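The values are calculated or read from the model by the stated rules, or taken from the named source; none is laboratory data. Note that the structure is predicted; figures quoted are calculated from it, not measured. All Cβ positions, glycine included, derive from the backbone under ideal geometry; neighbour counts span all protein chains shown.
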């Protein structure tokens, strides 16, 4: 079990999402995900978007540039890792990256009969050459005393299985991607419960929530935020996912990025006002002083 210090307040700034939050000015978007998490005790960047350009622009536009030293990568796909080195160039204070095992393997996806490369646009060695220490997250690990990475997510249910169109190249051979690098981050909000944040949840959002509960020993879930990877989910998987989310019973759901339009609508139909609007630039203040 990982001992995570409870925080009074958590600020969640969406730096990169597939669209811009309504009403935001000077904000950019792209197919990707990045969010800056702040609590008493510092700041942690979770994912780096696709290009770096969007996250950097939005960090500057929102005045969020101070104190960024650590990055957690949810997995190695380009739309979550691609901006890392460009962001490091803009914010040299970044010195550590927490990544799952195999995050920098070459990755591919079969799209309409063609094989497309979708991994990080740089190697592990290139990351190190930029002065960044890579901490491997094979299991749950503290990033700061107030935030932990889940490490490899156990795939325990029968309806959330890795898609067969994703591949990795490792040990001189191609294989179906088991997504052993896929992870989320977990924060404990005082008096409210867990805040669980995912990048794509390739291991399944229900599996990720279960892992967060087990690793912390906390049953109460306050918020689930991020990409739920339900864009192409079958009706059966969607129904099972809604059931699992109802069992988790969060007060807040913020589906982003790869959740998909139809899936987001189904989540809204199931949870109503508990679902908050995402989008690049959005700021959510959770906790005693916020919501």
Kindly provide the set of residues from segment 193-210 that are in contact with a strand residue (DSSP E or B) (Cβ under 8 Å, 6 or more places away or on another chain) and in a helix (DSSP H, G or I), ordered by number.
205, 208, 209
Criterion violated by residue 14 - all others in (1) within 16 Å of residue 143 (Cβ to Cβ); (2) buried (at least 22 other Cβ atoms within 10 Å of the Cβ) satisfied:
(1)
Of the residues in segment 223-252, those that are buried (at least 22 other Cβ atoms within 10 Å of the Cβ) and assigned to a strand (DSSP E or B) come to 223, 224, 225, 226, 227
Neighbours by Cβ (under 8 Å, 6+ apart or cross-chain): first from segment 216-240, free of Cβ contacts under 8 Å to residues at least 40 places away in the same chain and on the phi > 0 side of the Ramachandran plot; second surrounded by 24 or more Cβ atoms within 10 Å (Cβ to Cβ) and outside any loop (DSSP other than H, G, I, E, B):
229/205; 229/258; 229/259
Would a scan of segment 255-262 turn up a residue that is assigned to a helix (DSSP H, G or I), at pLDDT 95 or above and surrounded by fewer than 24 Cβ atoms within 10 Å (Cβ to Cβ)?
yes
If you scan segment 37-59, which residues turn out to be surrounded by fewer than 24 Cβ atoms within 10 Å (Cβ to Cβ) and without any contact (Cβ under 8 Å) to a residue 40 or more places away in the chain?
38, 43, 50, 51, 52, 53, 56, 57
